[in-house]
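Each remark here refers to the structure printed beneath this line.
The values are calculated or read from the model by the stated rules, or taken from the named source; none is laboratory data. No experiment lies behind these values; they were computed from the predicted model shown. Methodologically, a virtual Cβ is constructed for each residue, glycine included, from the backbone with ideal geometry; neighbour enumeration extends over all protein chains shown. Ligands, DNA and RNA are excluded from the accessible area calculation, which covers all protein heavy atoms including side chains. Shrake-Rupley method; radii C 1.70, N 1.55, O 1.52, S 1.80 Å.
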Amino acid sequence: MYKIIRKILFLFPPEWVHYFSMNCLKVLCSIPLMKLPIKRLFGTHDSRLTTHLINLQFKNPVGLGAGFDKNAKYLRELEALGFGFVEIGTVTPLPQEGNDKPRLFRLPKDKALVNRMGFNNDGVKLIAERLKTWKESQELRVRSREPRSNDSRLIIGGNIGKNKVTPNEEAWKDYEACFKDLHPYVDYFVVNVSSPNTPGLRELQEKESLRKILMHLQMINNGKAEAKPILLKIAPDLTKEQIDDVIDLALEIKLDGLVAANTTISRPGLFTPASRLTAIGAGGLSGMPLKYRNTEIVKYIFQRSDGAIPVIASGGIFTGQDVKEKMEAGASLVQVWTGFIYEGPGIVKKICKALTRSDRQYQ
């Protein structure tokens with residue numbers, strides 16, 4: 001059924017379809033008689049999927065990566081689709097429009113996307129207000145004992161970055177601002193220094209730049225009544241030496257984990273014609289072409305750190321088999337994004353069914 005719907009949706013601009021689809025789902029979920037059937041249709045109810053990581057309990061190991069719900073507008077709808085966790089953002093201190101449109105492109109022959117969004121978001125203040133409202137609604141739900149698809153609540157991650165106009169030497173201030181404002185409302189943080197769509201951002205992946213940002217956030221975190229896990233999202237374009245630096249730093253400062261990996265600026269072995277790629281231009285490639293590279297990175301991190309660094313895998317995840325491969329490589333959780341676009345709203349349930357059919361236990 002979704003394949004037919006997808007053919008129709010793919011006739012329209014990707015970014016417009018994104019908001020159209022989510023706003024339609026938002027309307028449906030606002031109708032009490034519709035929300036519960038949607039949750040029953042797409043939700044999962046198997047306690048074997050419960051995953052404990054970074055001092056949090058996830059109802060299942062399938063999350064939605066940052067960039068889909070940038071502004072924390074669709075948490076209720078994404079929870080209804082069965083996600084175990086949702087990473088909002090990337091959030092910056094000040095609102096910004098992002099790069100010029102068009103900035104999101106489909107590569108159907110490769111089951112891929114190219115984006116150069118540029119951290120478009122509503123700014124940390126407004127997003128924090130939305131998250132506060134969400135948290136209050138969840139607390140009310142617990143008190144009213146509303147029937148839920150699982151005993152575990154939806155885990156919310158906050159992906160934070162810097163504004164485009166902020167020079168790199170002052171980037172730590174932007175990460176601090178986002179960290180402080182979001183801290184009461186998210187369950188974990190992901191520091192994003194790996195997007196290819198903000199000029200100069202990836203320079204912050206160098207070891208000493210990372211050390212300054214991460215240790216500063218850890219200092220603030222340690223002063224809170226409840227510390228929140230801090231993870232780092234890395235690019236798949238890093239060299240082996242750069243990955244070694246990240247691993248060494250993560251072990252040295254006791255970072256809570258890594259997200260591997262973001263989009264790539266390379267265009268490896270694509271079926272999409274070169275003329276089309278040239279017309280699209282710059283941007284981060286996501287989807288199936290990243291499957292093997294990102295799995296290699298997960299495996300390398302796991303082996304190099306002797307499993308001491310928790311890893312959330314991202315990139316090229318479409319099926320339960322893809323998830324199994326990432327977990328066999330060393331990941332504890334996974335995030336989908338492009339796979340969600342190509343596989344549709346049933347992706348979480350399909351993956352979870354495949355996982356429960358396997359012999360692997362996610363406890």
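Restricting the search to segment 250-280, which residues are within 22 Å of the chain's Cα centre (by Cα) and more than 23 Å from M327 (Cβ to Cβ)?
Matches in segment 250-280: K254, I265, S266, R267.
Cβ-Cβ distance below 7 Å, separation of 6 or more or different chains: which pairs start in segment 163-182 with a residue that is closer than 19 Å to K207 by Cβ and end on one that is assigned to a helix (DSSP H, G or I) and open to solvent by less than 50 Å² (accessible area, probe 1.4 Å)?
N168/L204; A171/L204; A171/I213; W172/I213; W172/H216; Y175/I213; Y175/L217
Do the conditions hold for R76, that is, is it among the basic types (K, R), open to solvent by 30 Å² or more (accessible area, probe 1.4 Å) and under 25 Å from S358 (Cα atoms)?
Spelling it out, it is not the case that R76 is among the basic types (K, R), open to solvent by 30 Å² or more (accessible area, probe 1.4 Å) and under 25 Å from S358 (Cα atoms).
Hey, could you check segment 180-201 for residues that are in a helix (DSSP H, G or I) and farther than 18 Å from S314 by Cβ and say which is most open to solvent (accessible area, probe 1.4 Å)?
K180
This table checks each residue for (1) of a type outside the set (A, V, I, L, M, F, W, C); (2) surrounded by fewer than 20 Cβ atoms within 10 Å (Cβ to Cβ); (3) in contact (Cβ under 8 Å) with a residue 60 or more places away in the chain.
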site: E203; (1), (2), (3): yes, yes, no
site: M219; (1), (2), (3): no, yes, no
site: N222; (1), (2), (3): yes, yes, no
site: I234; (1), (2), (3): no, no, yes
site: V246; (1), (2), (3): no, no, no
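Which of the residues spanning segment 99-129 are free of Cβ contacts under 8 Å to residues at least 60 places away in the same chain and either assigned to a strand (DSSP E or B) or buried (at least 17 other Cβ atoms within 10 Å of the Cβ) (or both)?
Selection gives N120, N121, D122, G123, V124, I127, A128.
Determine whether segment 53-71 contains at least one residue that is under 15 Å from the mean Cα position of the chain (by Cα), open to solvent by 10 Å² or more (accessible area, probe 1.4 Å) and aliphatic (A, V, I, L, M).
Yes, there is a match, as at least one residue in segment 53-71 is under 15 Å from the mean Cα position of the chain (by Cα), open to solvent by 10 Å² or more (accessible area, probe 1.4 Å) and aliphatic (A, V, I, L, M).
Being open to solvent by 50 Å² or more (accessible area, probe 1.4 Å) and part of a helix (DSSP H, G or I) is the filter here, so list the residues in segment 159-179 that pass it.
E169, E170, W172, K173
Determine which single condition Q138 fails, assuming it passes every other condition in (1) open to solvent by 40 Å² or more (accessible area, probe 1.4 Å); (2) in a helix (DSSP H, G or I); (3) under 30 Å from E343 (Cα atoms).
(1)
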